[in-house]
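Bear in mind that the values in this text are calculations on the coordinates, not laboratory data. Since we're looking at a predicted model, the values are computed, not measured. Here the Cβ positions follow ideal geometry from the backbone for every residue, glycine too, while neighbour counts run over all protein chains shown.
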Amino acid sequence: MYLHNNNTDFADAIAIASDMLDIEPAFVEKDYYAVLFLDLLSKEEPSLVFKGGTCKSDYNRLTAGMIMDKTTYNDAVKTLKTVANKLASQSK
């Protein structure tokens, strides 16, 4: 089971992380789905390797503009959710 499948627990976890890290809840949610996506992708394609700062810097470079534009940001979260859920359902 994935945390996002339980709306109440997921919302609570996002709020707690947001408070602890002092960042917007939407950024916590985006990062959750990004990490879930990478985890599921690595299970689907075991030959892929995510390693150290390179992966993180590429991810940051790709998502940097999303923070500036709320519409793009919301679209990115929606896309990550869709892909993560699709990969999750295939790996069952």
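The modelled label-to-label distance for the pair Leu48/Glu24, using points 7 Å beyond Cα in the direction of Cβ, is 2.6 nm. Each residue of the stretch 16-26 was assigned a 3J(HN,Hα) from its phi angle through the Karplus expression (A = 6.51, B = -1.76, C = 1.60, θ = phi - 60°), giving 5, 4, 4, 5, 5, 8, 6, 10, 4, x, 4 Hz with x at Gly and Pro.
Note that the stretch 28-38 has calculated 3J(HN,Hα) couplings of 5, 5, 4, 5, 4, 5, 5, 5, 4, 4, 5 Hz, one per residue in order, obtained from phi through the Karplus relation 6.51 cos²θ - 1.76 cosθ + 1.60 (θ = phi - 60°); glycine and proline are x.
Take the Cα of Ser89, step 7 Å toward its Cβ, do the same at Asn5, and the gap between the two points is 1.3 nm.
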